[in-house]
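Everything on this sheet refers to the single structure shown next.
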Amino acid sequence: MDKPILEIKGLKTHFFTYNGVVRAVDGIDLAVNRNEVVGIVGETGCGKSVTVRSTMGLVPDPGQIVAGRVLLDGENLLEKRDAELRRIRGSRMSMIFQNPLSSLNPVFTIGNQVGHVISIHQAKNIKEALDRAVEVFDLVRLPDPERLLQKYPHELSGGMLQRVMIAMALSCRPEVLIADEPTTALDVTIQAQILSLMLRLKEETGTSIIMITHDLGVVAETCDRVAVMYAGLIVERGPAQAIFSNPLHPYTEGLLSSLPGQQEAGDELRTIEGLVPDLIHPPSGCRFHARCPIAEEVCERQIPELIDKGDGRAVACHFR
């Protein structure tokens with residue numbers, strides 16, 4: 001099997017606040033193969049977005065990467081200088097952020113912003129950059145791309161803005177595309193179109209995709225493999241089909257059992273009792289033990305390792 005295009009090894013990203021150190025990502029390992037879609041799922045606050053921002057060198061203050069390696073085709077990005085990282089971002093790795101309006105400058109036209117990204121990373125003059133922008137707008141099936149270049153972000157719908165962000169991210173044909181909640185706040189029809197578009201572009205360009213989402217339905221439709229995060233750690237990972245058909249970790253079971261359609265008609269949706277733990281003072285032992293239906297005394301005092309179970313599956317649980 002080919003070497004993974006992206007490898008995250010022992011990554012720890014902590015936030016140094018007045019109240020204490022928030023261990024947002026506390027030692028995770030994850031690999032992404034070429035032309036593969038990997039989903040990262042879990043509740044809000046589990047560390048999904050911090051993980052992918054760390055791989056891009058985009059951790060906001062007061063966060064710091066305190067340990068680990070991020071290897072892009074064997075090169076450790078955490079050893080790169082800022083100028084080198086800026087060249088890599090957008091050219092070899094790109095990211096689609098949750099809210100396109102917050103990622104686009106309202107005082108510049110769409111053409112100015114997309115053209116600027118292309119000219120920086122592909123060393124083209126502005127005319128060539130705008131021609132390339134029209135090409136990628138066609139690729140993501142945006143109507144009347146030449147006219148669209150003259151518009152401002154507020155003149156576009158949410159679905160069109162998200163397509164612009166995807167076009168910008170793909171304009172330099174990155175090896176890895178990170179999609180952080182790419183369908184948030186989109187209606188169901190537009191969501192389906194965006195996901196279909198991303199999968200089509202993966203096949204056409206060979207780009208690997210990391211999909212961050214709360215929506216397990218999106219994961220089932222799009223992802224080849226899945227990593228389940230809880231309180232800064234990966235608790236289960238493996239092929240998407242295997243995880244959906246036979247989850248090993250109690251937390252994964254809880255997430256799947258809360259999906260609509262898993263209950264009898266008229267029943268209330270199931271939930272996982274309790275809250276994600278405080279990551280300034282994380283619990284000893286397994287971080288899920290206070291909410292776990294099968295927890296025993298060993299779970300309170302000993303952190304379970306992520307153990308390979310074969311067939312690409314791994315789980316961090318004392319009893320699975």
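The values are calculated or read from the model by the stated rules, or taken from the named source; none is laboratory data. Please read all numbers here as calculations on a predicted model, not as lab measurements. Cβ sites come from the backbone with ideal geometry, for glycine too, and all protein chains shown count toward neighbours. The area values use the complete protein model at the heavy-atom level, side chains included, leaving out ligands, DNA and RNA. Shrake-Rupley method; radii C 1.70, N 1.55, O 1.52, S 1.80 Å.
Restricting to the range 102-124, what's the tally of residues that are at pLDDT 90 or above, open to solvent by 80 Å² or more (accessible area, probe 1.4 Å) and assigned to a helix (DSSP H, G or I)?
Number satisfying all stated conditions: 1.
Need at least 2 residues that are open to solvent by 50 Å² or more (accessible area, probe 1.4 Å) per element, so show me which strands (runs of 3 or more DSSP E) inside the range 1-89 make the cut, counting only ones lying wholly within it.
Hits in the range 1-89: 6-17, 20-32, 63-72.
Just name the residue that is nearest to Gly206 (Cα to Cα) out of those in the range 90-101 that are surrounded by 17 or more Cβ atoms within 10 Å (Cβ to Cβ) and out of contact with any strand residue (DSSP E or B) (no Cβ under 7 Å at 6 or more places or on another chain).
Filtering the range 90-101 for residues that are surrounded by 17 or more Cβ atoms within 10 Å (Cβ to Cβ) and out of contact with any strand residue (DSSP E or B) (no Cβ under 7 Å at 6 or more places or on another chain), the one nearest to Gly206 (Cα to Cα) comes out as Ser91.
Looking only at the range 135-158, filter to residues that are surrounded by fewer than 19 Cβ atoms within 10 Å (Cβ to Cβ) and in a helix (DSSP H, G or I); which one of those is modelled with the lowest pLDDT?
Looking at the filtered set, the residue picked out is Gly158.
For the range 125-134, what are the residues that are closer than 16 Å to Leu170 by Cβ and open to solvent by 60 Å² or more (accessible area, probe 1.4 Å)?
Asp131
Only one of these is without any contact (Cβ under 8 Å) to a residue 40 or more places away in the chain and among the hydrophobic types (A, V, I, L, M, F, W, C): Ala220, Ala231. Name it.
Result: Ala220 is the single residue among Ala220, Ala231 that is without any contact (Cβ under 8 Å) to a residue 40 or more places away in the chain and among the hydrophobic types (A, V, I, L, M, F, W, C).
Which is within 13 Å of the chain's Cα centre (by Cα), touching a residue at least 24 places away in the same chain (Cβ under 8 Å) and closer than 16 Å to Ile210 by Cβ, of Thr13, Thr55?
Residue meeting the stated conditions: Thr55.
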